[in-house]
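Colleague: Below is a structure I'd like to ask you about.
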Amino acid sequence: MNWTMIGVFLALFVFVTVLGFVAARWRHGDLTQLQEWGLGGRRFGTVVTWFLLGGDVYTAYTFIAVPALVFGAGAIGFFALPYTIIVYPLVLLVLPRLWWVSHKHNYVTGADFVRGRYGSPTLALLVALTGILATMPYIALQLVGIEVIIAALGFHAGGWAADLPLIIAFVVLAAYTYTSGLRAPALISIVKDLLIYITVIAAVIIIPMQLGGFGKIFAAVPHAKMLLAAPPSASLGSYGAFATLAFGSALALFAYPHTMTGVLSGKNPRVLRRNMALLPAYTLVLGLLALLGFMALAAGVDKLPAFASGFQQYKANFAVPALILHSFPAWFSGVAFAAIVIGALVPAAIMSIAAANLFTRNIYREYFRPQCSSAEEARVAKWASLVVKAGALVFVLELPSIYAIQFQLLGGVWIAQIIPAVALGLYTRWWHRGGLALGWLCGMVVGTWMVASLHFAGTVYPLHLFGFTIPAYAALWGLILNLIVAFVFTLIFRALHLAEGQDATAPGDYTGQSAQ
Amino acid sequence: MSSSTNGKKRSSWRLLLLVPFIATLWVPFYNRVEPTFIGIPFFYWYLLLWAPLSALITWIVFSRNDSPDNDR
């Protein structure tokens, strides 16, 4: 139990907690209104949005799990790089349109937009439920990330000793999210990023020096892990898995509610576009972080007795914490661990706010209290975000962490299925709401079935087609089927003259050219 | 406002955004060790390089596109 390390960690944690509460007064707004609480008043500029979206994309789980994958499986873990490289051009092209139309019609969530575009509360409900369902395990995983760090700090014993720090972190997070809404994670993410950048840059300079240079580090990597395995004949093999994991994850990120929340809180689309060029700075950091997985391998931390219990409990997820403990003086380990834990709190806050926005607008207001005031909306959202976090906490405390991981793998597959409704809807009204709903259903069912058939151990499903094997991310298979079904049924329903629903939007709304 | 020529110009710049896609998703091209850079195999430093490169491309496309009537 190293008290210097714990002391530094606690000091930073307390500082960030205070910031969370102070955030309520930042860029002053009426926090009893949903827009202010849930979207920061739609007033964040380029720099704050950079920090907020960075917090969306680069979560504590990312920081622990990506190096863990590289540590355990090698090159395939690097799919996070192409994923975070291509997601920005994608978002740059599509989401400004969502910003404009949401600004015009006061949409707070992606489901709000679907409701307005297709005149279909049902389709909006499907989008909202999928969003909430996919976000919850992601929050749980942030808490798992905190658990791993708590273990690394030395709080090993089972039962209350290990649970208590997590519960304290949760209570604190819940409290300032309740009072300050989106402003809290926005402000805290500034501190988080400073700490992460410092930690990663230090790690990437100091640890290779300790290990004798990158040549030596890669020399310690077994050949099988160094590169992707060449595909066998008549198969796309690991190339298919790698490329589709990257592409599918980029699509999924774009569809997650917390991305939408980050996007819609910006004060104009220029903020968004500037960030698409600036956010790749994080990608570089993620790449360097991924290399830590190989450094952990080269340093042999999994063979050191001091870390045996950590590896036993958390497997490869303990690689980065072990490496930090092994390579840095105690005080810097405190900084690094604070960086990761704060890096869990920020996305947990944003995700719970995004889920709460969905519940409030697209379930509560839609089906229970259509006449509710903005103040009531904000109240309900505050409580909803609390419940969502509490649910994630219970999940993490009561169930082995493997369930959270599996649930989140499914979450990625699920969230991709709302892409046709949201993304296509931003460009055209051609698709029938019934077709989109059926497409969603098929994508969900098939995607889930594929992951289940892999015993929830992975998400890359090898499809055998005409003698060729194509291993690809199940989210993409689901999406392809989703689009085909939606297409076919759009034609059928149109031929049957099934009702289409009212489009509340006008073409000019997507480019800010209609009269405000 | 010559929107049709503007539109064509905008679209051609946007094609640039395909470059990072192709560069990073065409896996067989970079799945190799040589040439290394300070001991890092090609596979890794190639991908790391594309982070700032794609940021540069995105910035170029963004600044070409950034005028009031260009939010399509």
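Every number here is computed from the coordinates shown, using simple stated rules; none is lab data. Computed from a prediction, not measured in an experiment: that's the story for all the values here. Here Cβ is always computed from backbone atoms with ideal geometry, including for glycine, and neighbour counts include all displayed protein chains.
Colleague: Got a sec? Charge dipole of chain A, +1 on Cβ for Lys and Arg, -1 for Asp and Glu; which of A:F466, A:Y58, A:P208 is way out at the positive end?
Modeller: A:Y58
Colleague: Let me ask you something else. Placing unit charges on C-beta atoms (Lys and Arg positive, Asp and Glu negative, everything else neutral), compute the dipole magnitude of the protein assembly as shown about its Cα centre in debye, rounded to 20.
Modeller: Details: 34 positive and 19 negative charges, 229 e Å.
The calculation lands at about 1100 debye.
Colleague: What's the local net charge at A:L291, with K and R +1, D and E -1, over the other residues with C-beta under 14 Å away?
Modeller: Combined, the nearby Lys, Arg, Asp and Glu give +2.
Colleague: May I ask for the distance between the Cα centers of the stretch A:435-512 and the stretch A:1-30, given as a whole number of Å?
Modeller: The distance from the Cα centre of the stretch A:435-512 to that of the stretch A:1-30 comes to 43 Å.
Colleague: While we're here: Mind running the shape call on the stretch A:202-286? Use the C-alpha gyration tensor, a ≥ b ≥ c as the square roots of the eigenvalues: rounded below 1.5 for a/c, prolate if a/b tops b/c, oblate otherwise. Write out the running numbers ahead of the final one.
Modeller: Working: a/c = 3.82, a/b = 1.39, b/c = 2.75.
Oblate, since a/c reaches 1.5 and b/c is not below a/b.
Colleague: Moving on to the next point. Could you tell me whether the stretch A:432-488 comes out rounded, prolate or oblate from its Cα gyration tensor? Rule is a ≥ b ≥ c as square roots of the eigenvalues, rounded for a/c under 1.5, then prolate if a/b exceeds b/c, otherwise oblate.
Modeller: oblate
Colleague: I'd like the distance between the alpha-carbon centres of the stretch A:91-162 and the stretch A:380-416, rounded to an integer number of Å.
Modeller: So the separation of the two Cα centres works out to 10 Å.
Colleague: Strictly greater than 44 Å: what percent of every Cα pair in the protein assembly as shown meets that?
Modeller: 14 percent
Colleague: Over all residues in A:87-98, what is the mean tally of Cβ atoms on other chains that come within 10 Å of each residue's Cβ?
Modeller: The mean count of partner-chain Cβ atoms within 10 Å per residue comes to 3.
Colleague: Shifting gears a bit: What is the distance, in nm, between label points placed 7 Å from the Cα along the Cα-to-Cβ direction at A:F456 and at A:R270?
Modeller: The modelled label-to-label distance comes out at 4.9 nm.
Colleague: Which shape class, rounded, prolate or oblate, goes with the stretch A:367-452 when its Cα gyration tensor gives a ≥ b ≥ c as root eigenvalues, a/c under 1.5 marks rounded, and past that a/b bigger than b/c marks prolate?
Modeller: oblate
Colleague: Between A:S235 and A:R27, what FRET efficiency comes out of the Förster formula 1/(1 + (r/R0)^6) with R0 = 51 Å and r the beta carbon distance, rounded to 0.05? Numbers along the way, then the final one.
Modeller: Values: r = 54 Å, r/R0 = 1.05.
Between A:R27 and A:S235 the formula returns 0.40.
Colleague: Let me ask you something else. Provide the percentage of antiparallel DSSP beta bridges, counting only those with both residues in the protein assembly as shown; round to the nearest 5. Before the final figure, lay out each step's value.
Modeller: Numbers: 7 of 9 bridges.
If we restrict to bridges inside the protein assembly as shown, about 80 percent are antiparallel.
Colleague: Could you work out the local net charge near A:A162, counting Lys and Arg as +1, Asp and Glu as -1, over the other residues with Cβ closer than 15 Å to its Cβ?
Modeller: Result for the neighbourhood of A:A162: -3.
Colleague: Taking K and R as +1 and D and E as -1, what net charge do the other residues with C-beta under 10 Å from the C-beta of A:F311 add up to?
Modeller: Neighbour charge sum, excluding A:F311 itself: +1.
Colleague: Test of understanding: ordering A:M209, A:M444 by Cβ neighbours within 10 Å, fewest first, what list do you get?
Modeller: A:M209, A:M444
Colleague: Taking a virtual spin label 7 Å from the Cα of A:R494 along the C-beta vector, which residues in the stretch A:407-429 bring their backbone nitrogen under 14 Å of it?
Modeller: A:428-429
Colleague: What span do the alpha-carbon atoms of the stretch A:1-114 cover on each of the three principal axes, reported in whole Å from largest to smallest?
Modeller: Principal axes ranked by extent give 52, 37, 23 Å for the Cα atoms.
Colleague: OK, next. Once Lys and Arg get +1 and Asp and Glu get -1 on their Cβ, which of A:A344, A:G110, A:M136 lies farthest toward the positive end of the dipole of chain A?
Modeller: Sorting the options by dipole projection puts first A:G110.
Colleague: Which order, highest average first, do A:21-34, A:126-139 follow once you tally other Cβ atoms within 10 Å for each residue and take the mean per peptide?
Modeller: For the peptides A:21-34, A:126-139, the packing ranking is A:126-139, A:21-34.
Colleague: A further question follows. With each run of n ≥ 4 DSSP H residues scored as -39500 (n - 2.57), what mean residue ellipticity at 222 nm is computed for chain A after dividing by its residue count and rounding to the nearest 500 deg cm²/dmol?
Modeller: Rounded to the nearest 500, it is -23500 deg cm²/dmol.
Colleague: Can you list the aspartates and glutamates whose alpha carbon sits under 13 Å from that of A:K104, skipping same-chain ones fewer than 8 residues off?
Modeller: A:D112, A:D509
Colleague: Right, next: How about A:K315: which aspartates and glutamates have a C-alpha closer than 18 Å to its C-alpha, ignoring those fewer than 8 places off in the same chain?
Modeller: A:E147, A:D302
Colleague: Only counting other Cβ atoms within 10 Å, I'd like B:F29, A:F395, A:F466 sorted with the fewest neighbours first.
Modeller: So the ranking, lowest neighbour count to highest, is A:F466, B:F29, A:F395.
Colleague: Given H placed 1.01 Å from N in the peptide plane, which residues other than close sequence neighbours of A:A472 have an amide H under 5 Å from its amide H?
Modeller: Placed amide hydrogens put A:Y461, A:L463 under 5 Å from A:A472.
Colleague: Moving on to the next point. What translational diffusion coefficient, in µm²/s and rounded to a whole number, does the Stokes-Einstein relation yield for the stretch B:3-65 at 37 °C and a viscosity of 0.692 mPa s, taking the hydrodynamic radius as the Kirkwood radius over Cα pairs?
Modeller: D = 249 µm²/s.
Colleague: Past 28 Å, Cα to Cα, is the threshold; run A:K225/A:K303; A:K192/A:K216; A:K192/A:K225; A:K192/A:K303 against it and keep the listed order.
Modeller: Numbers: A:K225/A:K303 18 Å; A:K192/A:K216 31 Å; A:K192/A:K225 31 Å; A:K192/A:K303 31 Å.
Beyond 28 Å between Cα atoms: A:K192/A:K216; A:K192/A:K225; A:K192/A:K303.
Colleague: Then there is this: How would A:K104, A:K315, A:K382 line up from fewest to most surrounding beta-carbon atoms within 10 angstrom? Each step should come with its number before you reach the end.
Modeller: Numbers: A:K104 19, A:K315 15, A:K382 22.
Going from sparsest to densest Cβ surroundings: A:K315, A:K104, A:K382.
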